[in-house]
Structure formats: structure tokens, C-alpha cells
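Here it is, the structure in full.
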Amino acid sequence: MSEKIKIVIVGGGTAGWMTAAALSSIATDKVCEVTLVESDQIATVGVGEATIPAIKEFNDRLGIIESEMMQKTAATFKLGIEFVDWSRLGSSYIHPFGTYGETYKGVDFHQLWQRDQAAGGQLPLERYSYAIQAARANRFEFPATADSVSSTYSYAYHFDAGLYANFLKEFAVARKATRVEGKVIKINRAENGNVSSIELENGKELAGDYFIDCSGFRSLLLGEELGVEFESWKKWLACDRALAVQSEGIDDIPPYTRATAKSAGWQWRIPLQHRVGNGLVYAGDFISDAKATDEIMQSVESPLSDLKQIKFEAGRRRASWVKNCIGIGLSSGFLEPLESTSIYLIQVAIVNFLKLLHGKVADKSVVREFNRLVDLEYDRVRDFLILHYKLTERSDSEFWQYCRNMEVPDSLQEKIELYTKRGYIDQYRYGLFSPSSWLAVLSGQGGVPKCAEPMAEKINLSEAQAKMRELQSSIEGKVAQMSSHHHFLHGYCPYN
Ligand code: FAD
């Protein structure tokens, strides 16, 4: 009998192929045998084109060559997300993948900025962010570690979701993951409740030690078979459907995602090399499908595809690892793509699974720890997303009135108060978003805090302001020397 751990992955969307690629390249075929089942009869969700910088770590760890991946997936670079019309109509700010300014004599930069503003300073915080200034100028260069300004940002990608899944499929199969075509129609259980095998429509049966549920919203193993309950977060994240459409490419490709707030949700624009992905995420309780269709079609020029509707609900399963089944991707939960976090949540689940995997049978402590980590990640991303809706001054539709007035989780309410009253950014000890991410949204939608901390009050303001001016002109000078994003892509990873 084989000593290798047999892992069966159900589903070949982004989650399935990311899992297969990671298991087959990191765990190696000496440790485990990886089989992925997917069905041509059941389409993948087919969206999921914007990422965050963590994806680069994941790809690097697998040994994926960046330029090759970008070329094959028509990818572009991403320096952040622009939020248009969120705090009020006409407003815009960028959440960058980078920091703002530099600490000065132990005082956080945003505290100096707060003092500068209180003294009549006019420059918005974003003028002190290299990533934002590069994004606004449609420019791109790789960060330079040796330079104090050019090392203040990182980057992610926009890519074609279908092409990325195909890329990972080739990658995983080349590393001995086995692909099996077929629709799962029956799940067999052992006496202890574990899944022992799955049966396919074509008569095949696949046995395994672990089954990874990557079957998408259907949640075939975790939800349907094991009955793991779904915890809904709809009261905080009211959007429950999306309309997606592709349109013609843009010549001067912006290196950022745009999220524009609409009457009952928001609209994404994700620029790829060969086309643009667009989609309206909206709340069916506040706008009809017909009105939502009009809203998106009025703002998309030169559509290339039909509109595709996808329904969902924000929330997560009460547990992601139950018995010998581990849910990864949409089968374990869903948070709307406002901060492009789903692929990250897939990645972090895979990494945690790999860290905890030992032998054919998992200890209870391993299962508990995995579920604890998944819960933490989901809860923190959830709070960060709710922040965008809560911190709005808009009252021009029923939807925005609801968002402004809704009660938010205590964990989030405290963070908002600490910032608005004191300029204090609380730091979670675990989770995705750094203090500069919180600062981006809190200052972008919540404005300037009422007062700075005592240490900042003691600083010699004119000295600090001179430093601020120096930094800001250094950022301007460096951005002026960067290549245009379009030109950079053409030289590095042109898509044919
Ligand atoms: P799916 O893509 O649905 O794949 C499910 C797989 O299971 C398919 O291969 C299917 O054939 C298979 N399957 C199902 N049932 C069976 C069966 N009975 N037998 C055999 N096979 C079966 N994420 C981001 O990170 N960034 C974004 O910008 C982003 N945008 C999004 C926009 C929208 C509107 C939505 C809904 C999601 C978005 N996401 C985004 C999330 C992202 O699309 C998903 O996290 C990602 O695609 C993973 O999906 P999945 O692999 O879990 O499921």
C-alpha cells in the first residue's frame, strides 16, 4: 500500500488549480499524490481578475516565472484600487499597495500630515504616496529595494481568470498532478464519517485520504454532503449579485483597479492587455435586475460580451475543515471583490493546509487551528469591506442611507472611533490589511482626524513640513522618470 498521502481535489476553477499547483510543486510527489476532478458540464465562475500583492509571493514560492505568467494571462500591473464616489459623489481616493511618507522622530507620518492640515496645509495625503502618484500618472517600474522612496510600494496583477486557471493547470499537470474529467454524482462515507471516495457519472471512483472541496458556490462536500452551515453577513454586506461584461482594451492602460460607487452597489473596471473586465456588484433588495442592467450598460463603452449574472451571499461556512474535507475558495465562503481578496483567501488556506498537513490522518488540534486561521482572515477582511460602506456621506439612494445608518461589528466601530477622534490606527496582530491600508480608507472616506497624538504635537512643525516637502518633490521627480505602464508591459510581457 502506498505511503503517499492521497489528495483528491473536487473542482477545477481558480481554487482547484491553485491548490493542485501548490501541492504538486511544494509538497512534491514523494509526499502526496494529487488528483483533480473537474467537469466540462459545470462552468467555473469565470471572474476573479484582480489580485493583491500576496499573489506574487505565492507564485514565487511555486517557482512561477512572472513574465511568462503575465504574458500567458494578458496580465497588467496593479498598484492599488481607486475608489470613486464612495464618500460623496465626485470624490476619489486610491488605496495603494504601499505606505505614505516616512515616520519622523518616532511619529507616524499621517500624524504629521494631520498637524500640517490643521495649520492650513493643502496637500492631500496621497501626494506623499509613491504608489498613488505612479498610478495616477499611468506609470510603472519595479520597486527598488535600495532606494528609500522606490521601496515603499509593492504590486499585484490584473489577469484573465480563465487564462490564469489554464496556466496553473498546465503547471500542475507538468508536476504530476492528475486531471480527471467527470461529474461527481455520489459521495461515499466511512464509518467515522470521513469521505472515503467519490463516484463520477462516467463510472470512475476515486478514493483519498483528504478531499479538498473546490466545487465553487455549490460546496458539494462541505455544504451539501457534510451539512456545514453558512453564516450570512448580508446585513453588513448587502450586495448579493453581479453583472459582468467585457469591453475593448484601453490604450493608456491604468495600473490600478477602479471601483465606482453606484446607486445600489459599485462597479469594477479591471484593465487587461487585450480587454477590460467590468462588473456591477449590487444589492437586489435595493435595485431591480433591469435597472442594474441599464446602470452598467450606460457606463461601459464598446462591450465585447453578453452580460453575465452571478448571484452570491456574503459570509462563510461555520468551519472550513470538517472530518477529512477542506473547503477552499467559494465552497468555504464569499466576500465581494471590493478589495480583490478572494484569491488571497484561497492562497492563505492552501498555505495553512500545507503548513499543518502531516500524515494521512489529521489531529483535532490541526483541524481547530486551520479553522481558527480561516475565521480570523475572513472576519478581518469582512470588517475592512464594511468600512467602505459605513464611512459614506451619501444619502442619494435608499441603499446608501441603509449603509450609513447600519450598525457595524464592535471590532470595526472601535477602529473608526479611534481614528476619527485621535488619528490612531489600531493594528490587528493577524490578518491581511496593514495600518497603511486602513489609513487609506479611513482618510479617503473619513477625512482628517480631529486631533493628533501628543508626541506629534511636540514636534517642530516647520522642520517637519520641510521634510514633507522634500519627500513630496522626490516622489514627483521619480515618478516623472518612470516608464508608462503600457510601454513597460510591451517590453516585459506582451500578450499576443
Ligand atoms: P469555481 O470557479 O466556480 O469552480 C468550481 C469548479 O468545480 C468548476 O471547475 C466546476 O466544474 C467544478 N464542479 C462543481 N460541481 C462539480 C461536480 N459535481 N463534479 C465535478 N466538478 C464540479 N476574486 C479575486 O480575488 N479578485 C476578483 O477581482 C474577484 N472578482 C469576483 C467577482 C465576482 C462577481 C465574483 C462572484 C467573484 C469574484 N472573485 C474575485 C472570486 C473568484 O472568482 C473566486 O474566488 C475564484 O474564481 C475561485 O472560484 P472557485 O474555484 O472556488 O469556484
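The values are calculated or read from the model by the stated rules, or taken from the named source; none is laboratory data. Everything quoted here is computed from the prediction, not taken from an experiment. Cβ coordinates were reconstructed from backbone atoms using ideal geometry, including for glycine residues, and neighbour counts include every protein chain displayed.
Of (1) more than 10 Å from the ligand (Cβ to nearest atom); (2) in contact with a Ser or Thr (Cβ under 8 Å, 6 or more places away or on another chain), E170 satisfies all except one. Which?
With respect to (1) more than 10 Å from the ligand (Cβ to nearest atom); (2) in contact with a Ser or Thr (Cβ under 8 Å, 6 or more places away or on another chain), E170 is out only on (2).
Within region 255-265, work out how many residues are surrounded by fewer than 23 Cβ atoms within 10 Å (Cβ to Cβ) and either modelled with pLDDT under 95 or part of a loop (DSSP other than H, G, I, E, B) (or both).
1
Additional query: Filter region 7-53 for residues that are in a helix (DSSP H, G or I), more than 12 Å from the ligand (Cβ to nearest atom) and closer than 29 Å to N278 by Cα and give the result.
Passing the criteria: only A21.
Can S92 be described as away from the ligand (no atom under 15 Å from the Cβ) and either acidic (D, E) or within 18 Å of P271 (Cβ to Cβ) (or both)?
In short, yes.
Can you name the residue in region 418-431 that is at pLDDT below 80 and in contact with a helix residue (DSSP H, G or I) (Cβ under 8 Å, 6 or more places away or on another chain) and, of all such residues, is surrounded by the fewest Cβ atoms within 10 Å (Cβ to Cβ)?
Y430
Kindly indicate whether F384 is under 22 Å from P435 (Cα atoms) and crowded, with 22+ Cβ neighbours inside 10 Å.
Criteria met by F384.
Pick from region 82-100 the residues that are assigned to a strand (DSSP E or B) and hydroxyl-bearing (S, T, Y): which of them is farthest from P53 (Cα to Cα)?
Here the residue is S92.
Can you find a residue in region 55-64 that is modelled with pLDDT under 95, surrounded by fewer than 17 Cβ atoms within 10 Å (Cβ to Cβ) and either in a strand (DSSP E or B) or within 8 Å of the ligand (Cβ to nearest atom) (or both)?
No, region 55-64 has no match at all.
Please give the strands (runs of 3 or more DSSP E) falling wholly within region 158-252 in which 1 or more residues are buried (at least 17 other Cβ atoms within 10 Å of the Cβ).
Filter on region 158-252 gives 178-181, 184-189, 195-200, 205-207, 210-213, 241-248.
Output the number of the condition that W113 fails; it satisfies all remaining conditions of (1) under 22 Å from I386 (Cα atoms); (2) modelled with pLDDT under 95; (3) hydrophobic (A, V, I, L, M, F, W, C).
(1)
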